[in-house]
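Worksheet for the structure shown next.
What follows draws every value from the coordinates through simple rules; no lab data is involved. All values reported here derive from a predicted model rather than from experimental measurement. Here the Cβ is made from the backbone with ideal geometry for all residues, glycine too, and neighbour counts use every protein chain on show.
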Amino acid sequence: MTGKIRVLIVDDSASVRQAMASILAEDPAIEVIGTAADPFSAARRIQETVPDVITLDVEMPRMDGITFLRKLMAQCPIPVVMCSSLTEEGSDTLLQAMEAGAVDVILKPRFGVADHLAEHHLQIRDVVKAAARAKVRGRPGKPLPKREAPAKKLTADAMLPPPDNRPMSRTTEMVVCMGASTGG
């Protein structure tokens, strides 16, 4: 690979996008070409510039990362590194991500994510660099699009169907309930 590794960061958390962008931009071999808060925004970014690597969260609004990864690999195969708290070793989400085409995983903790990412900055950069060297394939029988420019048919509407609002099998959302009587 010649030149800088172009990376697109896809995560619904603004603090994670900022931390990842900062960590990756500090490496002279990596260029962050953009960030996106959800798969629909990511699809629009990919129309403009096809990245060399995508970091992708699992749990996002409008569409989960696994569904987006499947659609991306079918239409425009790009090395993807999953970056989520749901991809711990042995989890169903991890297996789904790897089956869908993810080349590696960065595990985020449930709390203190920005600090954790900063502590593991060298590992994150190494994972992204290794992903850039990975050879990814689309579905059999489909030619790979040229990396310089996305295919004409690659639009947000073509890539992504309307969201189905199905919850993931496991989420990071928590609910705390307290009950009390009148004097509580």
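Determine, for 6, 62, the number of other Cβ atoms within 10 Å of each Cβ, and report the residues in order from fewest to most. Don't skip to the end; give the middle numbers.
Working: 6 18, 62 15.
Final ranking by Cβ density, sparse to dense: 62, 6.
Between residue 137 and residue 48, 0.36 nm times their residue separation minus their Cα-Cα distance comes to what? Could you put the intermediate results ahead of the total?
Values: separation 89, 0.36 × 89 = 32.04 nm, distance 2.13 nm.
Fully extending the segment from residue 137 to residue 48 adds 29.9 nm.
Nearest 0.05, what FRET efficiency do residue 31 and residue 115 give at R0 = 22 Å with Cβ-Cβ as r? Don't skip to the answer; put the middle values down first.
Values: r = 25 Å, r/R0 = 1.12.
That pair, residue 31 with residue 115, gives E of 0.35.
Where does each of 55, 49 land when they are ranked from fewest to most other beta-carbon atoms within 10 angstrom?
Working: 55 28, 49 13.
So the residues, fewest neighbours to most, are 49, 55.
Once a ≥ b ≥ c are taken as the square roots of the eigenvalues of the Cα gyration tensor of segment 1-107, is the result rounded (a/c under 1.5), prolate (a/b larger than b/c) or oblate (a/b not larger than b/c)?
Verdict is rounded for segment 1-107.
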